[in-house]
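Let me begin by presenting the structure, written as structure tokens, before commenting on it.
The values are calculated or read from the model by the stated rules, or taken from the named source; none is laboratory data. For clarity, every value in this text was computed on a predicted model and none was experimentally measured. No Cβ is skipped: glycine too gets one built from the backbone with ideal geometry, and neighbour counts run over all protein chains shown.
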Amino acid sequence: MERRSFMKKAGTGAIIAGAALAGAPAVHAAKKYRWKMVTTWPKNFPGLGTGANHLAKLINDMSGGRIVVKVYGAGELVPAFESFDAVSRGTAEIGHGAAYYWKGKSAATQFFAAVPFGLNAQEMAGWIHYGGGQQLWDELYGQFNLKPFAAGSTGVQMGGWFNKEINTMDDLKGLKMRMPGLGAEVLSKAGATPVSLPGGEIFPSLQSGAIDATEWVGPYNDLAFGFYRVAKYYYWPGWHEPGTVLESFVNKKAFEGLPKDLQAIVTAAMGAAYVDMLSEFTTKNNSSLVELVTKHNVVLKRFSDDILKKLGQFSKEVVEGVAEQDAMSKKVYDSFNSFRKQSISWGEIGEVGFSLARALTFKS
Ligand code: CA
């Protein structure tokens, strides 16, 4: 085709397309969806609140502005722990939190956030996306008019901050420790006194001696909170939160009311947000741990095998107790437990096997 006639043809096409657009009825214009996102985090809270912001931005950008998500920090639109109900009834279209906050709705929710001695971040993603977890989660949250997604992960957490060494199970007896969720029930069995405190109250409570110990997240968030100023020993591993999943839940009718391409965009944004948060935590945990040890002289300690074995046994009992609470919890537990069973062999020779091999030659 000669350039001249091509230009002519292309020009004609452009005019026709323009005319079609101009003459199109208004309903053909892309519909805009304005969504309110309620969160369980203080606005812009490092890692978690910023993770919610990032998810909102992904949805806005990927949809070319057809969905505009406005993020509200905890308490701005509804209190933190009313996010679930607010999205369920449609006061807001989308929420961001962690599933174990909703154990009052159903004990089964806890399997989708963190289980002591449960699954790490890679395994949680495996279970949810390929091991039947998402279907069960949909069934569970569907009862509340919600569509749930894995939208972030802290990776494995740390065991916590202590002002005395924990050498035997006796050292845990009577210890007042901030610990949420199923980990708190395990600590209770060990004779400690778990205390539930929101993030902002932990530092002053540890400083005043109102609590003896605390867990929070990992080096990144714990450095930001300054726990090294009021506690000396930093224990690992975070047996109680091996790969905590951050969730986003969408009002089911709002999600199903989206055209298919926007549903796909929201779903893809959730997956991208999961990887992004895990990547951020990995990078910042690495550098923050170095800073805690070299700059702030934090003493790192590992719980002994004996302590971990006993906590593991208590965890088994606690989680089996969750399964007994109702039929749905039993169904989710069975799926989770069989995935964990399968994960153990590959986990040991895969990630753990490699890490141990690397440590033979390469030191920090
Ligand atoms: Ca934690």
Test for K252: is it of a type outside the set (F, W, Y) and assigned by TED's automatic domain parsing to the domain that holds T91:
yes
Report the residue count in segment 19-49 for those that are of a type in the set (S, T, Y) and at pLDDT 95 or above.
2
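Here's the yes/no breakdown for (1) within 12 Å of the ligand (Cβ to nearest atom); (2) in contact with a Lys or Arg (Cβ under 6 Å, 6 or more places away or on another chain); (3) at pLDDT 95 or above:
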| site | (1), (2), (3) |
| --- | --- |
| W137 | no, no, yes |
| K147 | no, yes, yes |
| W161 | yes, no, yes |
| G174 | no, no, yes |
Which of the numbered conditions does V156 fail, given that it passes all the others? Conditions: (1) more than 16 Å from the ligand (Cβ to nearest atom); (2) among the hydrophobic types (A, V, I, L, M, F, W, C); (3) in contact with a Pro (Cβ under 6 Å, 6 or more places away or on another chain).
(1)
Of all helices (runs of 4 or more DSSP H) completely enclosed by segment 273-364, which ones contain at least 2 residues that are among the polar types (S, T, N, Q)?
305-323, 327-347
Do we find a residue being small (G, A, S) and either free of Cβ contacts under 8 Å to residues at least 24 places away in the same chain or more than 12 Å from the ligand (Cβ to nearest atom) (or both) anywhere in segment 214-228?
yes
How many of the residues making up segment 196-213 are more than 26 Å from N286 (Cβ to Cβ) and either within 13 Å of the ligand (Cβ to nearest atom) or touching a Phe, Trp or Tyr at 6+ places or on another chain (Cβ under 8 Å) (or both)?
4
Do we have L58 as of a type in the set (A, V, I, L, M), in a helix (DSSP H, G or I), more than 22 Å from D334 (Cβ to Cβ) and at pLDDT 95 or above here?
yes
